[in-house]
């Protein structure tokens, strides 16, 4: 079953126009002129030339039938998508970035941005396999009947338990809509926002999935499905070491800026980014902090999101602060 949109089917169907001499092929007419001069053959007449009329009619009927069959087959192929479920539960932000230049090669999928730990599902029924690569990180391959897919940069912590849904193993059969993995940022995506790199393969061809993503049904989180409750979405805190740049209180709320030298997450991850980080803080904690002090700060534990992993201002809140020498 072909899933590629066919070329203009009209170019393959003979067109006919009714004339005084019967049906004639459209190639016999110019678009802006009168019909070309017909031959001197006597127009078809069943009484005078029954054999000629019958054979001509049969040929015309056959050509029209073939044309209609081609048109029907082409429409059916175009109307049958390779998948009709969106891979990320709850939807995602994305553009048609297929073919964009990326690191000396062309991008072979669409990047679907969603918070780390968001469940992703099988877009078709098939079998799954988990692999790891330096660039791809954890990658789930879903093989269906007529198409196959790659889910790349899976997992948050970099271990297989965050990249493969519980109970799955290589070769496991899955249903369409079943949770198979979780959005992450492994491989060469560690400094990028959390996302799923989603690829569609038809045989040995990789094609853009964008049009089908646009039309796909988006599944919403199901609290009764244990697989929807990702372990990678458990609360995480940061330990930040550095020098305080600025601290100010405004009523019960405050802001603290620290120039970070090192950042570690409670799940064992090391965040490579350094520089100024802006935290929320309460006025009681800020009362003991001064600019220029070297501090070890611990944030409140919260579920990971792409904004928090990118250390966006005010996405983390200060829990404790200890002065260090």
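Per-structure values
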read-out: Residues satisfying the stated conditions in region 120-153, i.e. modelled with pLDDT under 95, out of contact with any helix residue (DSSP H, G or I) (no Cβ under 8 Å at 6 or more places or on another chain), assigned to a loop (DSSP other than H, G, I, E, B) and surrounded by fewer than 21 Cβ atoms within 10 Å (Cβ to Cβ); value: 144, 145, 146
read-out: Residue within region 220-236 that is surrounded by fewer than 18 Cβ atoms within 10 Å (Cβ to Cβ) and closer than 30 Å to residue 325 by Cα present; value: yes
read-out: Output for region 305-325, where each listed residue is over 36 Å from the mean Cα position of the chain (by Cα) and not in a loop (DSSP other than H, G, I, E, B); value: 319, 320, 321, 322, 323
read-out: Tally of residues being touching a helix residue (DSSP H, G or I) at 6+ places or on another chain (Cβ under 6 Å) and over 21 Å from residue 271 (Cα atoms) across region 285-325; value: 0
read-out: All strands (runs of 3 or more DSSP E) inside region 174-278 with 2 or more residues being under 30 Å from residue 80 (Cβ atoms), modelled with pLDDT of 90 or more and in contact with a helix residue (DSSP H, G or I) (Cβ under 7 Å, 6 or more places away or on another chain); value: 179-182
read-out: Restricting region 179-215 to residues that are closer than 18 Å to residue 142 by Cα and out of contact with any strand residue (DSSP E or B) (no Cβ under 8 Å at 6 or more places or on another chain), the residue that is surrounded by the most Cβ atoms within 10 Å (Cβ to Cβ); value: 202
read-out: Matching residues, region 154-166, being part of a loop (DSSP other than H, G, I, E, B) and in contact (Cβ under 8 Å) with a residue 24 or more places away in the chain; value: 155, 156, 157, 158, 163, 164, 165, 166
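The values are calculated or read from the model by the stated rules, or taken from the named source; none is laboratory data. Small disclaimer: the values here were computed from a predicted structure and weren't measured. Cβ atoms come from the backbone with ideal geometry, glycine included; neighbour counts cover every protein chain shown.
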